[in-house]
1. So which residues in segment 33-49 are open to solvent by less than 90 Å² (accessible area, probe 1.4 Å) and under 16 Å from VAL65 (Cβ atoms), if there are any at all?
2. Could you check how many residues of segment 75-110 are touching a residue at least 12 places away in the same chain (Cβ under 8 Å) and exposed (fewer than 10 other Cβ atoms within 10 Å of the Cβ)?
3. Could you check segment 51-61 and list, in sequence order, the residues that are farther than 16 Å from HIS40 by Cβ and either touching a residue at least 12 places away in the same chain (Cβ under 8 Å) or assigned to a helix (DSSP H, G or I) (or both)?
Amino acid sequence: IVLSHFSMSTADLGPTESFPHRQLRTTSDVICDESIGFIHGGLHLQVTHHLFPRLPRHNLKRASVLVKQFADEQGLTYAEFGFVSGNAEVIGVLRGVAEQVKLMGKVANAEVTEALAHKKAA
């Protein structure tokens with residue numbers, strides 16, 4: 001589930017974004033061999049699961065073929081990653097978040113330093 005969720009944007013694009021577009025933009029599938037697909041309980045097919053959350057897991061694979069066709073027809077991206085490339089995507093996103101937190105820390109420290117200097121001067 002980490003691979004299929006954490007590497008994708010969750011930005012809110014507003015009310016003009018369609019439900020299928022949002023689900024395709026915010027989730028991805030994990031490509032895995034059929035012999036181990038059952039371990040994931042079908043949840044490696046996150047895109048289709050998010051579009052049809054009550055669809056029985058044994059139907060997700062067949063439905064995902066239709067969702068891929070729909071995405072192609074609509075010009076939408078259907079994201080799929082293998083285990084290694086999926087982890088690389090997640091690490092990249094986490095690195096970006098860490099850089100944002102580091103920047104926020106610098107801003108907070110600068111504001112505290114400024115406030116303390118202002119207080120001393122008063």
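1. Taking segment 33-49 first, the residues open to solvent by less than 90 Å² (accessible area, probe 1.4 Å) are 35-37, 40-49.
Scanning segment 33-49 gives GLY37, GLY42, HIS44, LEU45, GLN46, VAL47, THR48, HIS49.
2. Initial filter on segment 75-110 (touching a residue at least 12 places away in the same chain (Cβ under 8 Å)): 76-83, 86-87, 89-90, 92-94.
Filter once more, keeping what is exposed (fewer than 10 other Cβ atoms within 10 Å of the Cβ): none.
Within segment 75-110, residues that are touching a residue at least 12 places away in the same chain (Cβ under 8 Å) and exposed (fewer than 10 other Cβ atoms within 10 Å of the Cβ) number 0.
3. Taking segment 51-61 first, the residues farther than 16 Å from HIS40 by Cβ are 51-52, 54.
If the condition is that a residue be farther than 16 Å from HIS40 by Cβ and either touching a residue at least 12 places away in the same chain (Cβ under 8 Å) or assigned to a helix (DSSP H, G or I) (or both), then LEU51 is the only one that fits.
This table checks each residue for (1) farther than 25 Å from GLU17 by Cβ; (2) in contact with a helix residue (DSSP H, G or I) (Cβ under 7 Å, 6 or more places away or on another chain).
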residue: PHE38; (1), (2): yes, no
residue: VAL47; (1), (2): no, yes
residue: LEU55; (1), (2): no, yes
residue: LYS68; (1), (2): no, no
residue: GLN74; (1), (2): no, no
residue: THR77; (1), (2): no, yes
residue: PHE81; (1), (2): no, yes
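The values are calculated or read from the model by the stated rules, or taken from the named source; none is laboratory data. Predicted model only: the values in this text are computed from it and were never measured. In this analysis, Cβ positions are derived from the backbone assuming ideal geometry, glycine residues included, and neighbour counts consider all displayed protein chains. We work out accessible area using only protein heavy atoms, side chains counted, and drop any ligands, DNA or RNA first. Shrake-Rupley method; radii C 1.70, N 1.55, O 1.52, S 1.80 Å.
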